[in-house]
1. Go through segment B:370-424 and give me each residue that's aliphatic (A, V, I, L, M) and closer than 16 Å to B:Gly309 by Cβ.
2. Hey, among the residues in segment A:25-38 that are more than 10 Å from chain B (Cβ to nearest Cβ) and on the phi < 0 side of the Ramachandran plot, which one's surrounded by the most Cβ atoms within 10 Å (Cβ to Cβ)?
3. Any idea which of (1) open to solvent by 10 Å² or more (accessible area, probe 1.4 Å); (2) modelled with pLDDT of 95 or more is the one B:Ile420 doesn't satisfy?
4. Identify the residue in segment B:347-375 that is within 26 Å of the chain's Cα centre (by Cα) and open to solvent by less than 60 Å² (accessible area, probe 1.4 Å) and, among all such residues, is nearest to A:Thr59 (Cα to Cα).
5. Tell me which residues, restricted to segment A:91-104, are over 24 Å from B:Val280 (Cα atoms) and within 14 Å of chain B (Cβ to nearest Cβ).
6. So B:Asp10 ticks every box in (1) open to solvent by 90 Å² or more (accessible area, probe 1.4 Å); (2) within 22 Å of B:Gly114 (Cα to Cα) but one. Which box is left unticked?
7. Limited to segment B:100-122, what total is found for residues that are part of a helix (DSSP H, G or I) and polar (S, T, N, Q)?
Amino acid sequence: MLPVLYLAQAEFGYLGTDAIEYVAKIMGVSTARVYGVVTFYTMLNMKPIGRHHIQVCRTLPCALAGAEKITALIKAKLGIDAGETTSDGKFSLLEVECLASCGTGPMMQVNEDYHENLTEERVTEILQSLK
Amino acid sequence: MEKILLRNVDAPESHTLAAYRSRGGYRALEKVAREMSPARVIEEVKASGLRGRGGAGFPTGMKWGFVPKDSPKPKYVVCNADESEPGTFKDRLLIEKDPHAIIEGTIIAAYSIGSHTAFIYIRGELAYASQVLQKAIDESYQAGYLGKSILGTGYDLDVVLHRGAGAYICGEETGLLSSLEGGKGWPKVKPPFPATHGLFGCPTVVNNVETLAALPWIIDQGAAQYAALGTEKSKGTKLFSVSGHIRKPGVYEVEMGYPFKRFLEEDCGGVPNGRHLKGVIPGGASMPVLRADEIGEVRMDYESFQAAGTMLGSGGVIVMDETTCMVKAAWNIARFFAHESCGQCSPCREGCHWMEKIFWRVENGQGESADLDLILNISGNIMGNTICPFGDAAAMPAAAFIKKYRAEFEAHIAEKRCVISASG
């Protein structure tokens, strides 16, 4: 199921009702079954997300390393809160749980890329480099 | 100490087949294929004393021995690479730097139980690690270590890499199997255990990345060499991921039984900025915290951590210095478990959110004097009352933070503010 949902998400951008119904049909299972799976996993999105999906780790080791400051800076720079997307559709921001990067925190993931040992300067540079 | 698990990670191009082979890689598999029966491999792993490195510490050879030999159903090996325990990043290092050790270990495990299909279930977020691992699997197929008649033995094995999609509970072995079967990652009631009723109802062995990565060395060097390391009941070496307020964070390989205080102060360089240690979580966020005054005599093995009232767990060591607010730390961990509870069992689904909310109000000056006992009550009602160990994993740290730093919690309630940091 997950490999098919990944393909569908790559194709449609997100897993809305149409995509869920389509996957249910080709998998030969009920829509409810697919809906249950989609809503269970954080990496499957039911809404469109920004071109650059920024996920900042908030769990204890990153929090001890100063993750709150990093999140606050990104919120201020982008003018959005966690869970929101900028009006131009360029950035989405999410606070997420541990990404197995605890020794190199604070860290964030932008789409599939890890950015570790973050400082406020480094975050500013990364945000500027994202087109 | 000779490194076993980290023996290759610093070598140039260590993730490639050429580098792995030049350092003795796949020698163990050749030995297995040439001269060892499946039963002999299981005996060797039993003799090594290797215990599961995912957190529970169950003897690996014994786990394999539970798989019925005469079952008409297909058998599966599943490598648990869904590393998600807060404070733990050792498996990610092994996957990115030494993927062939994991693959070789997986083949040895599959051969020993007579499995012809193995799955590696990797965290969805680990995109780069997935690419590295898939390339290594492809290389193994080309070299004849995977596929039909491996090394001319007539034994066939396929390895399939499967990405998760963001759910901590899929690190729990039966939750992982539910996810692999195409559903929500809901854990299953045990018994029956996966050894007899696992993936798609078939006999299945689920082993952690670190467990499988230890196998090539054990087979190549012999069980006796491995069993000579460590303590009487905790054999060999273990990886520890070190994070938080520590001078040299990172992944360390430690012989079981090594003094914990010496490890933190000498190997990891101690707490930086001239500050003092306040507490340390030794085995990932689901394990009880130890106060600085409790670590003096503790040694780094399953039994010693247990005797100290905590557990070795995943070996995720989270270090907190004197500036850390323990209420906020407890709230952070409670929030993690509230977010990650799969929602199947009521005590965990409801209790994790209640604990998170109560910790939050204590931290933010709205706590009441009965709140601490209320959390202990909720924690006690979750413990042992859920299908999988997640409930215990959420309940244990919550209770430990309150029991060990009660005065700090009470000060928050009495002064109606965070008494540690001005920002609260």
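The values are calculated or read from the model by the stated rules, or taken from the named source; none is laboratory data. None of the values given here were measured: they were computed from a predicted structure. Methodologically, a virtual Cβ is constructed for each residue, glycine included, from the backbone with ideal geometry; neighbour enumeration extends over all protein chains shown. The protein model used for the area step is the full one, side chains on, heavy atoms only, and it has no ligands, DNA or RNA in it. Shrake-Rupley method; radii C 1.70, N 1.55, O 1.52, S 1.80 Å.
1. Here is the first cut: in segment B:370-424, the residues aliphatic (A, V, I, L, M) are B:370, B:372, B:374-376, B:378, B:382-383, B:387, B:393-396, B:398-400, B:402, B:407, B:411, B:413-414, B:419-420, B:422.
Matches in segment B:370-424: B:Leu376, B:Met383, B:Ala393, B:Ala395, B:Met396, B:Ala398, B:Ala399, B:Ala400, B:Ile402.
2. We begin by selecting, within segment A:25-38, every residue more than 10 Å from chain B (Cβ to nearest Cβ); these are A:25-26, A:28, A:30-32, A:35.
Narrowing further to those that are on the phi < 0 side of the Ramachandran plot: A:25-26, A:30-32, A:35.
On the way: A:Lys25: 11, A:Ile26: 9, A:Ser30: 10, A:Thr31: 14, A:Ala32: 10, A:Tyr35: 17.
Among those residues, the one meeting the criterion is A:Tyr35.
3. With respect to (1) open to solvent by 10 Å² or more (accessible area, probe 1.4 Å); (2) modelled with pLDDT of 95 or more, B:Ile420 is out only on (2).
4. Taking segment B:347-375 as the starting set, the residues that turn out to be within 26 Å of the chain's Cα centre (by Cα) are B:347-353, B:355-356.
Filter once more, so that each one left must be open to solvent by less than 60 Å² (accessible area, probe 1.4 Å): B:347-348, B:351-352, B:355-356.
Details: B:Pro347: 23, B:Cys348: 19, B:Gly351: 19, B:Cys352: 16, B:Met355: 16, B:Glu356: 13 Å.
Step by step, filter segment B:347-375, then rank; the result is B:Glu356.
5. Applying the first criterion (over 24 Å from B:Val280 (Cα atoms)) to segment A:91-104 yields A:91-95.
If the condition is that a residue be over 24 Å from B:Val280 (Cα atoms) and within 14 Å of chain B (Cβ to nearest Cβ), then A:Leu94, A:Glu95 are the ones that fit.
6. Of (1) open to solvent by 90 Å² or more (accessible area, probe 1.4 Å); (2) within 22 Å of B:Gly114 (Cα to Cα), only one is false for B:Asp10: (2).
7. So in segment B:100-122, the residues part of a helix (DSSP H, G or I) come out as B:100-113.
Then keep just the ones that are polar (S, T, N, Q); that gives B:106, B:112.
The number of residues fulfilling the criteria is 2.
Every residue, every condition in (1) touching a residue at least 60 places away in the same chain (Cβ under 8 Å); (2) in contact with a Leu (Cβ under 8 Å, 6 or more places away or on another chain); (3) more than 14 Å from chain A (Cβ to nearest Cβ), yes or no:
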{"residue": "B:Ile113", "(1), (2), (3)": "yes, no, yes"}
{"residue": "B:Phe119", "(1), (2), (3)": "yes, yes, no"}
{"residue": "B:Ser130", "(1), (2), (3)": "no, yes, no"}
{"residue": "B:Glu139", "(1), (2), (3)": "yes, yes, yes"}
{"residue": "B:Leu161", "(1), (2), (3)": "no, yes, no"}
{"residue": "B:Glu173", "(1), (2), (3)": "yes, no, yes"}
{"residue": "B:Ser178", "(1), (2), (3)": "no, no, no"}
